[in-house]
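Taking it in order: structure first as structure tokens, then the write-up.
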Amino acid sequence: MKRTTLFVLIVALLVLGSVVTACKPAASTEEFVFGVVLVGPYNDHGYSEAHYQGAKYAETKIPGARMVYLDKLNSADRPGTTLEQVVEEMVAEGAKLIITTSDDFGADTDVVAAKYPDLPFVHMSGDNVLTGEAPDNVANFFSKMEYTKAIAGCAAALATETGEVGYLGPLINDETRRLASSAYLGCRECWETYRGGDPEDLRFVVNWIGFWFNIPGVTLDPTVVANDLFNSGVDVLMSGIDTTEAIVVAGQRMDKGEKVWAIPYDYEGACEIKPEVCLGTPYFNWGPVYVEIINKVLDDKFEHEFVWHDPYWKDLSDEDKSYVGFKYGPALTEDQQKDLEDYIDKLADGKTKFFVGPLNLQDGTAYLADGEKATDEQIWYLPQLLEGMEGASQ
Amino acid sequence: MKARSPALQVLLGVAPILLTLVAATAILLVAGANPLAAFGQIISGAFESPRKLADVAMAMVPLLLCAAGMLVTFAAGLWNIGVEGQVVAGALATTWVALRLNAPAAVLLPLTVLAGMAGGALWGLLIGLIRTKGKVNEIFAGLGLNYVSMALTNYLIFGPWKPPDGATMSGTDPFPRAAWMPVIGTSRASLPAILLAVAGIVVIWWLLRDSQWGLRLKAVGQNENAAYRLGIRTSREIVLAFMVCGMLAGLAGSLQTTAVYRRLIPSISGGYGYMAQLVVLLSGLRAQAVPLVVLFFAAIQVGSPRLELRMYLDSSLGGVLQAGTVLFFLLVRGLRQRLSKE
């Protein structure tokens, strides 16, 4: 009977399949395999894709470098799959370096790294090397998005007509506090310098949704929060979350005739969603970071270190050199762009008041004395939002 | 109904899986990948070494337990969609014990297991009461409580149980070592977890086949009214069925926290409650078929990351295989019914 034939055929195919895989081609001797673990889909147009692209870039720049990756490592997409299992698979594939790219992998990276003391691990956006929790074969790399957030804040100040800027925040932690505060500092300085405004007249309000993206029933709905901010008088909305609600909502309101702008985040092409409202995008450029890490391992210079990279000031959009970038948006006028370029130059030369005292925390306690410049550690562990900002600090 | 040959029976049983493979082959060919290599990767990724077998065994644990529980509620004719929430309730109760009680492993581990079973049973009790006292269909009760359990987990992770240096989606801090289920050597296989899962399915198999209670449940399942008239306290049996199911599902949640993740994470249930539904359907409500179906699902789960790691294929293909099996199962069942009518 036909069905029996089909059955036999498929069983035969299956058996063949296991034979075929048994003789897989031997790896070339020059190859350097590195494993990349992503928390979201490799093509999410956001945080995970930025990492994936960075690793791809490294493959093109370093001869013989080959990425093996696993995306969507979270318990909703892959129940029961742990980082340890993934690393084991990658090591079996010949990986000589493991890069874990989500804040969420911090604790697991330390545990797994301890089981492979000779294998270098890099955990991105963590600080367990600083805090001393990470084993010796772990390093942390991150880039100073704070500067490009300040540039974004400046763009907001240049464009606002109501003098009210909104910031759509994710959850509250060290990283998000310092990024929102960086945006505020850039905004306040440009408001004073280029708009001749009084900081007292500038309203900068942060509303947190509770997570990096919308989880119905768990977080606040970013679309609702974005609309609430606009309703409260804000006319420029900056995004601090992984997804695109800020620019989408701004676009809808512009279509209804309102004069509003948006500044998305993370992904270089984010303005394309609605170019007419977009003042620009601060984004991560992981390519050069991956190249640097791989070269360190290849040259036997990998260290137990915490690296926090400055942007490449000569050209923020240099894909080979700048670890973070700022892409100008079409909604920026020519004059505004000139002012923004001027601000960027001053930021590069250290001639701005970016994290320079006098600066108080939100509750009025002193953070930096007059003329005092914040250390990296003071910025990394910023305990509250800054004085003058509206929104929750804890 | 005419009698069918055993060969045909078996063929109809495995037909969904075969059809899925055919469909997957077509998808792979369209994607430009070698189907044989892809299936080979899944198989070798799941079975090539003792370590892999250990991973498959551990992947089977929550599914076996949830499916065992669901056999009970299915026997009573109940659509228990609330297994997911029962898994979560077990995980929450276990986490409370693991984080709050300070005791040596010999005391703490049995307590985590008991707490998990109690938590799941309590969740089952709620569904049962809503069904019997509130006269609300168990599908709505279960689904509603699933969402409550999710919200509760997130509240606890981002509230009272958050790590000292701030809450994240990675969950609570790891449990103290005393609350880690022991593993065999350097593998990830935990013997107590595997034994508990095996015990769960065997006990349910026996209960449904040989016990009076099993008989009563089936009577309720066949015809609730008739069973009631014959003197069976149907409400009590229904609540009990939900609680027994909850105990097993809660145990699954408990073991996910103590033997797999070693902490509470936001989606601790990982959809096992829903997947178990498919497992039970695919096994034709027969306890003895459940382990085989579970093995199939677990092997795909453990083996499919290789599609991405070695072949750069989107590993959602594993999900396509699992979902396709269910789809074809329904088709083949329809076909079966037609054949029986002829």
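The values are calculated or read from the model by the stated rules, or taken from the named source; none is laboratory data. Predicted model only: the values in this text are computed from it and were never measured. When we count neighbours, we look across all protein chains shown, and the Cβ atoms used for this are built from the backbone with ideal geometry, even at glycine. Each accessible area value is taken on the protein alone, full model and side chains, heavy atoms only, with ligands, DNA and RNA left out. Shrake-Rupley method; radii C 1.70, N 1.55, O 1.52, S 1.80 Å.
Condition check: closer than 22 Å to A:Ser393 by Cβ, more than 14 Å from chain B (Cβ to nearest Cβ) and in a helix (DSSP H, G or I). Does A:Arg188 satisfy that? Step through it out loud before you land on a result.
On the way: closer than 22 Å to A:Ser393 by Cβ: yes; more than 14 Å from chain B (Cβ to nearest Cβ): yes; in a helix (DSSP H, G or I): yes.
Yes: the conditions hold for A:Arg188.
Select, from B:Val293, B:Val320, B:Val280, the only residue that is assigned to a helix (DSSP H, G or I), open to solvent by 10 Å² or more (accessible area, probe 1.4 Å) and modelled with pLDDT of 85 or more. Reasoning before the result, please.
Details: B:Val320 fails: modelled with pLDDT of 85 or more; B:Val280 fails: open to solvent by 10 Å² or more (accessible area, probe 1.4 Å).
Just one listed residue meets the conditions, B:Val293.
For region A:54-78, give me each residue that is among the small types (Gly, Ala, Ser), within 14 Å of chain B (Cβ to nearest Cβ) and open to solvent by 10 Å² or more (accessible area, probe 1.4 Å).
Within region A:54-78, the first condition is being among the small types (Gly, Ala, Ser), and the residues that meet it are A:54-55, A:58, A:64-65, A:75-76.
Next, from what is left, pick out any that are within 14 Å of chain B (Cβ to nearest Cβ): A:55, A:75-76.
Residues satisfying the conditions are A:Ser75, A:Ala76.
Pick out the one residue from B:Ala259, B:Ala252, B:Ala241 that is part of a helix (DSSP H, G or I), open to solvent by less than 60 Å² (accessible area, probe 1.4 Å), more than 14 Å from every other protein chain (Cβ to nearest Cβ) and among the hydrophobic types (A, V, I, L, M, F, W, C).
Values: B:Ala259 fails: more than 14 Å from every other protein chain (Cβ to nearest Cβ); B:Ala252 fails: more than 14 Å from every other protein chain (Cβ to nearest Cβ).
Going through B:Ala259, B:Ala252, B:Ala241 in turn, just one is part of a helix (DSSP H, G or I), open to solvent by less than 60 Å² (accessible area, probe 1.4 Å), more than 14 Å from every other protein chain (Cβ to nearest Cβ) and among the hydrophobic types (A, V, I, L, M, F, W, C): B:Ala241.
When region A:355-374 is examined, which residues are found to be polar (S, T, N, Q), within 18 Å of A:Ala183 (Cα to Cα) and not in a strand (DSSP E or B)? Quick ask: steps written out before the conclusion?
Of the residues in region A:355-374, the ones polar (S, T, N, Q) are A:360, A:362, A:365.
Narrowing further to those that are within 18 Å of A:Ala183 (Cα to Cα): A:360, A:362.
A:Gln362, the sole residue that qualifies.
From the list A:Thr109, A:Thr148, which one is under 18 Å from A:Phe326 (Cβ atoms), touching a Leu at 6+ places or on another chain (Cβ under 9 Å) and in a helix (DSSP H, G or I)?
Just a single option satisfies the conditions, and that option is A:Thr148.
Any chance region B:33-41 includes a residue that's closer than 29 Å to B:Gly273 by Cβ, surrounded by 20 or more Cβ atoms within 10 Å (Cβ to Cβ) and more than 11 Å from every other protein chain (Cβ to nearest Cβ)?
Within region B:33-41, not a single residue is closer than 29 Å to B:Gly273 by Cβ, surrounded by 20 or more Cβ atoms within 10 Å (Cβ to Cβ) and more than 11 Å from every other protein chain (Cβ to nearest Cβ).
Here is a yes/no grid of residues against (1) surrounded by fewer than 19 Cβ atoms within 10 Å (Cβ to Cβ); (2) modelled with pLDDT of 80 or more; (3) among the aromatic types (Phe, Trp, Tyr):
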{"residue": "B:Leu307", "(1), (2), (3)": "no, yes, no"}
{"residue": "B:Arg310", "(1), (2), (3)": "no, yes, no"}
{"residue": "B:Ser315", "(1), (2), (3)": "no, no, no"}
{"residue": "B:Thr325", "(1), (2), (3)": "no, no, no"}
{"residue": "B:Phe328", "(1), (2), (3)": "no, yes, yes"}
{"residue": "B:Gly334", "(1), (2), (3)": "yes, yes, no"}
{"residue": "B:Gln337", "(1), (2), (3)": "yes, no, no"}
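I'm told A:Ala50 meets every condition in (1) at pLDDT below 90; (2) facing chain B (nearest Cβ under 9 Å); (3) closer than 30 Å to B:Leu264 by Cα except one. Can you identify the failing condition by its number?
A:Ala50 satisfies all of (1) at pLDDT below 90; (2) facing chain B (nearest Cβ under 9 Å); (3) closer than 30 Å to B:Leu264 by Cα except (2).
Report, by residue number, each residue of region B:237-266 that is touching a helix residue (DSSP H, G or I) at 6+ places or on another chain (Cβ under 8 Å) and among the hydroxyl-bearing types (Ser, Thr, Tyr).
Correct list: B:Ser254, B:Thr257, B:Thr258.
In this structure, is A:Asp335 surrounded by 13 or more Cβ atoms within 10 Å (Cβ to Cβ), part of a helix (DSSP H, G or I) and assigned by TED's automatic domain parsing to the domain that holds A:Ala183?
No, not satisfied.
Table: residues versus (1) within 9 Å of another protein chain (Cβ to nearest Cβ); (2) at pLDDT 95 or above; (3) crowded, with 20+ Cβ neighbours inside 10 Å.
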| residue | (1), (2), (3) |
| --- | --- |
| A:Val87 | no, yes, yes |
| A:Phe105 | yes, no, yes |
| A:Asp108 | yes, no, yes |
| A:Gly126 | no, no, yes |
| A:Thr131 | yes, no, no |
